[in-house]
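The values are calculated or read from the model by the stated rules, or taken from the named source; none is laboratory data. All values reported here derive from a predicted model rather than from experimental measurement. In this analysis, Cβ positions are derived from the backbone assuming ideal geometry, glycine residues included, and neighbour counts consider all displayed protein chains.
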Amino acid sequence: MCDTPPSPSAAPLRSVAIIGGGLGGLALAQHIRRLHPHLRATVYERDQSPHARRQGYFIGLNANGVSALRPLCESLAPLEQLLSYEPAMLESAVILTGALRKLLWMSVIGKSSMVVSRGALRHSLLDGIDIQWNKRLRSFTELDDCVRIEFEDGTEVEADFLVGADGARSRVRLARWPELSGNTLDLSFCGGSAMLSHAAATCPQLSRLTHRSLVVCLGERGHTIVGFGAQDSLTWTLCWPKECDTERRVRAIEHGNLEQLHAVALECGRANFASPEIAAMIAHTQPADMIDTMAAHAMRPRATNPFGERVTRVTLLGDSLHTMSMHRGLGANTAFVDAVRLAEALGERDWRAAIGVYQNDAHLRANKALGDSTGSAERMHLQGYKATLRNAMFWMIGWFLLVAGYWNIVRHTLVSALVAPRHTTVAAKTRD
């Protein structure tokens, strides 16, 4: 698919081709536009149009993701509005049993975590950039002073640099670094969104818990439900191990048959979660508002830098480099940080040295996120006695944090009581 490149020249870059118009690729194009107006960035996306397929429901942004996007707000008013929407801010994360008994509560106040519409976020990042639709990569060739890119429609373009931002099944990665193929976790998931106005009466506890909080419910046989309230909806994701009966039932359904998938998800909710509110939440979800079953993909952390020491005219960003599961919500946030760092490097006169630094940093950053994400996925889907021990551990951590929180309140109260009279006396003597 590509040739081994000869030694290229060190002339400053003038054009960048970005393969993939997902969130990471669009953020990269916007940062290039912001930082280096002289550098022409073109995004090539396989979708036929911005509305060719559903973009999912919502996406969690942590402090790193928000910080990486914030500089773009000056020129993107819709993005500024999205990141400033106060009701979207998360205040806490809660881990519950399938009976909705609280195991662990963690405050995220002040850490800029929020939940936003994935479609709205993508739409806000489309403004002002050059994006070519219906462009599916066929091959590319690294030459001495450029990269020649061929698409399946027969068209060809040349660019000084190529960025693979084409997701978990990246063709750029497959051609340039085939050894980095993503692994599939032994997990599958589907999702949906119920109107809060319909579900509130039968899901009072879930409706209350998901207000400004991310909620994880740990069910039986390795099943989990992740839910949160967003705008007027109660959005959820159901995830299960592939060796269980849920997987066998889902595989018997024709892909795209959301009515049958809804029925299986509803039965799964009843069988694996003790609280009837879980099944009620799924029941209030219309089949048309379901997201079809997908496999959870994830790479493993790597001991060495996958790019090696040689810098060429091709690199990777986002899921192309660090495919990770939805657990911990780190995938897109890590991609947004990649986008800032790579945009900075591409505009440097000595871009080879700068890209080398980016690739090393991206490897280290990806390794940490991959470890956190995969570790979380494995913990959340434990079964049998291991699940019992996990729940006990969460419960003990929860009590420790609760006691520590009360102790801090008592300590501050005591300090204030002891220090305030002394300050009052000193102040009085000063007046005298």
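Within the range 274-317, the set of residues being part of a loop (DSSP other than H, G, I, E, B) and of a type in the set (Gly, Ala, Ser) comprises ALA274, SER275, ALA303, GLY308.
Looking across the range 229-260, the residues that are among the polar types (S, T, N, Q), out of contact with any Gly (no Cβ under 9 Å at 6 or more places or on another chain) and under 16 Å from SER117 (Cβ atoms) come down to GLN231, SER233.
Residues checked against (1) outside any helix (DSSP H, G or I); (2) of a type in the set (Ser, Thr, Tyr):
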position	(1), (2)
ARG349	yes, no
GLY356	no, no
SER373	no, yes
ALA377	no, no
ALA387	no, no
ASN391	no, no
PHE400	no, no
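Looking at GLY308, GLY384, just one residue is of a type outside the set (D, E, K, R), closer than 19 Å to ARG176 by Cβ, surrounded by fewer than 22 Cβ atoms within 10 Å (Cβ to Cβ) and free of Cβ contacts under 8 Å to residues at least 40 places away in the same chain, and that residue is GLY308. If the Cβ limit is 8 Å and pairs must be 6+ apart or interchain, which residue in the range 100-115 that is more than 20 Å from THR235 (Cα to Cα) and charged (D, E, K, R) pairs with which residue that is modelled with pLDDT of 80 or more and surrounded by 14 or more Cβ atoms within 10 Å (Cβ to Cβ)? Short answer, once both residue conditions are applied: LYS111/ASN62; LYS111/ALA63. Among helices (runs of 4 or more DSSP H) entirely within the range 166-273, having at least 1 residues that are polar (S, T, N, Q) and modelled with pLDDT of 90 or more singles out 204-209, 245-251, 258-272. GLN81 meets the conditions (1) under 15 Å from SER112 (Cβ atoms); (2) surrounded by fewer than 20 Cβ atoms within 10 Å (Cβ to Cβ); (3) among the polar types (S, T, N, Q) in every case but one. The failed one is (1).
Before we move on, is LEU321 aliphatic (A, V, I, L, M), farther than 14 Å from ALA68 by Cβ and outside any loop (DSSP other than H, G, I, E, B)? For LEU321, the condition - aliphatic (A, V, I, L, M), farther than 14 Å from ALA68 by Cβ and outside any loop (DSSP other than H, G, I, E, B) - is met. The set of residues from the range 84-103 being among the charged types (D, E, K, R) and crowded, with 19+ Cβ neighbours inside 10 Å is empty. SER207 falls short on exactly one of the conditions (1) surrounded by fewer than 22 Cβ atoms within 10 Å (Cβ to Cβ); (2) within 28 Å of HIS297 (Cα to Cα); (3) among the hydroxyl-bearing types (Ser, Thr, Tyr), and that condition is (2).
Scanning the range 24-58 for residues that are touching a strand residue (DSSP E or B) at 6+ places or on another chain (Cβ under 8 Å), part of a loop (DSSP other than H, G, I, E, B) and of a type outside the set (D, E, K, R) gives LEU39, GLY56, TYR57. You will find that of THR246, THR235, THR224, the residue that is buried (at least 22 other Cβ atoms within 10 Å of the Cβ) and touching an Asp or Glu at 6+ places or on another chain (Cβ under 9 Å) is THR246 and no other. Take ILE278 and tell me if it is of a type outside the set (Phe, Trp, Tyr) and crowded, with 24+ Cβ neighbours inside 10 Å. Criteria met by ILE278. Within the range 50-65, being of a type in the set (A, V, I, L, M) and either surrounded by fewer than 18 Cβ atoms within 10 Å (Cβ to Cβ) or more than 22 Å from LEU35 (Cβ to Cβ) (or both) holds for ALA52, ILE59, ALA63. Taken as a whole, the structure places THR4 among residues that are of a type in the set (S, T, N, Q), at pLDDT below 95 and either surrounded by fewer than 14 Cβ atoms within 10 Å (Cβ to Cβ) or within 25 Å of ASP145 (Cα to Cα) (or both).
The listed residues are ILE59, ILE95, and the only one of them that is closer than 22 Å to ARG341 by Cα, in contact (Cβ under 8 Å) with a residue 40 or more places away in the chain and touching a Lys or Arg at 6+ places or on another chain (Cβ under 9 Å) turns out to be ILE59.
Would you confirm, using the coordinates I've provided, whether ASN367 is touching a residue at least 60 places away in the same chain (Cβ under 8 Å), closer than 19 Å to LEU317 by Cβ and out of contact with any Cys (no Cβ under 9 Å at 6 or more places or on another chain)? Yes, satisfied. Across the range 185-215, which residue is nearest to MET294 (Cα to Cα) among those that are among the β-branched types (Val, Ile, Thr) and touching a helix residue (DSSP H, G or I) at 6+ places or on another chain (Cβ under 7 Å)? Across the range 185-215, the extreme among qualifying residues is VAL215. Find the residue count for the range 354-364, including only residues that are free of Cβ contacts under 8 Å to residues at least 12 places away in the same chain and charged (D, E, K, R). Of the residues in that region, 0 qualify. Suppose the filter is within 17 Å of ALA29 (Cα to Cα), in a strand (DSSP E or B) and in contact (Cβ under 8 Å) with a residue 24 or more places away in the chain; does VAL163 pass it? Yes; evaluated as a whole, the condition is true for this residue.
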